[in-house]
Amino acid sequence: MKDVSNLDEWIKEVAYKTRPKNVEVITGAPDQYARLCNTLISHKTFIPLNQELRPNSFLARSNPDDVARVEERTFICTNTKDEAGPTNNWCDPAEMRQKLDILLDGCMRGRTMYVVPFCMGPLESPHSRFGVEITDSAYVAVSLYLMTRVGDAVLKLLINAPYFVKCLHSVGCPLNEGQEDVPWPCRTDELYISHFPENLEVISFGSGYGGNALLNKKSFALRIASWLGLKEGWLAEHMLLIGVTNPQGVKKYITASFPSACGKTNLAMLEPRLPGWKVECIGDDISWLFWGKDGTLRAINPEMGFFGVAPGTSFKTNPVAMKTISHDTIFTNVGLAPSGDVFWEGMDSLPDSGTNWKGEKWTKNSSEKAAQPNARFTAHITQCPTLDPLWNDPQGVPVSAILFGGRRSSLIPLVREARSWQEGVLFGAMMSSETTAAAKGALGALRHDPFAMLPFCGYNMGEYFGHWLDMAKEASHRPKNILPKIYAVNWFRKRADGSFVWPGFGDNIRVLEWIFERLDKNVEARESSIGILPLKSSFNLSGLNCTFEELFSFEDAEWKGEVQNMKKYCAQFGDHFPKVLLEELN
Ligand code: GTP
Ligand code: SPV
Ligand code: MN
């Protein structure tokens, strides 16, 4: 398809190519949302839940092969392979367009083509960016409605914006005259999630699930936005964003980047298990960081809703999430109880029997899980009872600390502080994590996941490290010359019996407490070869069933192995890997 910058022309061109039965523009009106949900019910994509137990909520069951992001079918199509870098799947843009051109030909036949104008970030913010997703999936359209600012109000602003990102999505299943649809159409045999950063364009074919299909999220707000951030001097990150208030009433904003299914939603909705502390949520998955007029590094959440992991969510682990999803929520791939409510593994109480995520009979003795491990809930951000008052502020919030974390069953201590911005960038670059169900592939395999951006960086990761380092130079040109402090955390150390050492969840506030004290220079700490560590005497473990040693001890020899691994990993970036980071590593 040739590049078209005009919205009307692009819509016409896509419709001409894909041949939908009709075209519907998403206006954002509540009655349109209700009508689309009814359409999804009539197509058996949505099962309405018990109206008393879970008002205005639905269960969707995906095709069992379409349950998570597919990284090996995700492509960065820059002009040269070097621009995409060694960690991305690169494809020549012309070659990819040729392939897609054939697949897109008539691919929406018999279906409605939805045009969804959306805005990532507060409507009136200079830091927000616009996009339009064209999709033949009503499930995608209603999901965007809950997760993103969409509709007429957006369109009015979009037409005057300097640019917008074109996101084209098709499930790839045209319908012949009279052919009956399936509840979850997809083409997992012909899957392409393709990004053309130079054209600010995404084309996704074949999947209806999550990050593969909701193109505003990972495709735009991370992959394309990271590219925009490089060109325009800001950062698009896989980070939650929270406001934390201590018992004295002092409030600070903190971001944290953890890989997929490693605890962002849980930290974003944390209910502190220490008296007097308060945590308020701005975002649970993506943050855009930029320079404020006052010279501070500030952040917005470009999204307006949650697409969170359901399994493991309970009133015990995450009561705030449970309240958030108590109504007006779309559930995908969870279990259905006889009561007409949903359930999943790790919930407070499970029924004795029910229907599993595939629609098969399930009992508590079943060997198969009731919910798919990457089952998700979709809900609007305003349903979060701990929503921060500044969640929609066009100027964002000033960031005091940045946390990097991963899922590491050994070696990595609970928390440590970087001595400098440069060491902090190395913390981010050195992140590794055990893989989860959020992406198709092996589970629990340790892999490098720098800045939790391995699947989401839209350009050469070596350049990305350089862009992070440059923020320090940028800061020095600003009035205050201050930057957030950087920390590395790990909630997931395990004992020999496989249990977690750290209680996590609400007790993660103890780590935030130490960070708060460090930021205020109120607590002594210990320098070590791997950063600044807490002193046993000043880290609050009172009432917990774990020891300081279990959480913080490490063997130098093992850490040397970690450094050696990192050196090997860096080598693939060649000249793109910043020399100062290599020095820092040495
Ligand atoms: P994405 O939406 O995929 O980006 O994931 P996320 O980073 O938001 O992860 P989320 O908070 O949804 O957590 C994923 C899984 O990790 C859930 O099963 C949680 O129960 C579990 N988890 C989250 N926080 C903790 C913690 O502090 N300790 C332990 N042991 N598990 C946790
Ligand atoms: C992730 O995998 O990091 C997610 C879920 O947040 S998805 O939107 O499917 O990418
Ligand atoms: Mn995520």
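The values are calculated or read from the model by the stated rules, or taken from the named source; none is laboratory data. Keep in mind that this is a model prediction, so the values were computed, not measured. Neighbour counts are summed over all protein chains in view; Cβ atoms, including those assigned to glycine, are modelled from backbone coordinates with ideal geometry. These area figures cover heavy atoms from the full protein model, side chains too; ligands, DNA and RNA do not enter into them. Shrake-Rupley method; radii C 1.70, N 1.55, O 1.52, S 1.80 Å.
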Taking 0.36 nm per intervening residue step and subtracting the Cα-Cα distance, what contour gain separates L446 from L544 on full extension? 32.5 nm
To the nearest 0.05, what FRET efficiency results for S409 and E474 with a Förster distance of 41 Å applied to their C-beta separation? 0.65
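Looking at the chain, send over the antiparallel percent of its DSSP beta bridges, to the nearest 5.
Once the DSSP bridges in the chain are tallied, antiparallel ones form about 65 percent.
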Between E190 and L175, what is 0.36 nm times their sequence separation minus the Cα-Cα distance? Round to one decimal in nm. 3.7 nm
Please give the Cα centre distance for the stretch 85-164 versus the stretch 403-446, rounded to the nearest Å. 31 Å
Accessible solvent surface per residue of the stretch 120-190, calculated while the other protein chains remain in place, 1.4 angstrom probe, Å²: 38 Å²
Taking 7 Å along the Cα-to-C-beta vector as the label spot, tell me the N50-N586 distance in nanometres, rounded to one decimal. 6.6 nm
Cα gyration tensor shape of the stretch 306-448, rounded if a/c is under 1.5, else prolate or oblate by comparing a/b with b/c: oblate
Give me the compactness ratio for the stretch 1-122, meaning the Cα radius of gyration over 2.2 N^0.38 Å. 1.37
How far apart, in nm, are the 7 Å Cα→Cβ label points at N79 and S553? 5.7 nm
To the nearest 0.05, what FRET efficiency results for H380 and L274 with a Förster distance of 35 Å applied to their C-beta separation? 0.75
What distance in nm separates the simple spin-label points at I102 and A29, each placed 7 Å from Cα in the Cβ direction? 4.3 nm
What's the carbon and sulfur percent of the stretch 173-239's accessible surface, probe 1.4 angstrom, rounded to a whole number? 45 percent
The stretch 304-358 and the stretch 42-68 have their Cα centres apart by a whole-number Å value of 12 Å
In deg cm²/dmol and to the nearest 500, what is the mean residue ellipticity at 222 nm of the chain if only DSSP H runs of at least 4 residues count, each as -39500 (n - 2.57), divided by the residue total? -7000 deg cm²/dmol
Rounded D (µm²/s) - the stretch 307-379, Kirkwood Rh over Cα pairs, Stokes-Einstein at 25 °C, 0.890 mPa s: 204 µm²/s
For the chain, Kirkwood radius (reciprocal of mean inverse C-alpha pair distance, Å): 24.4 Å
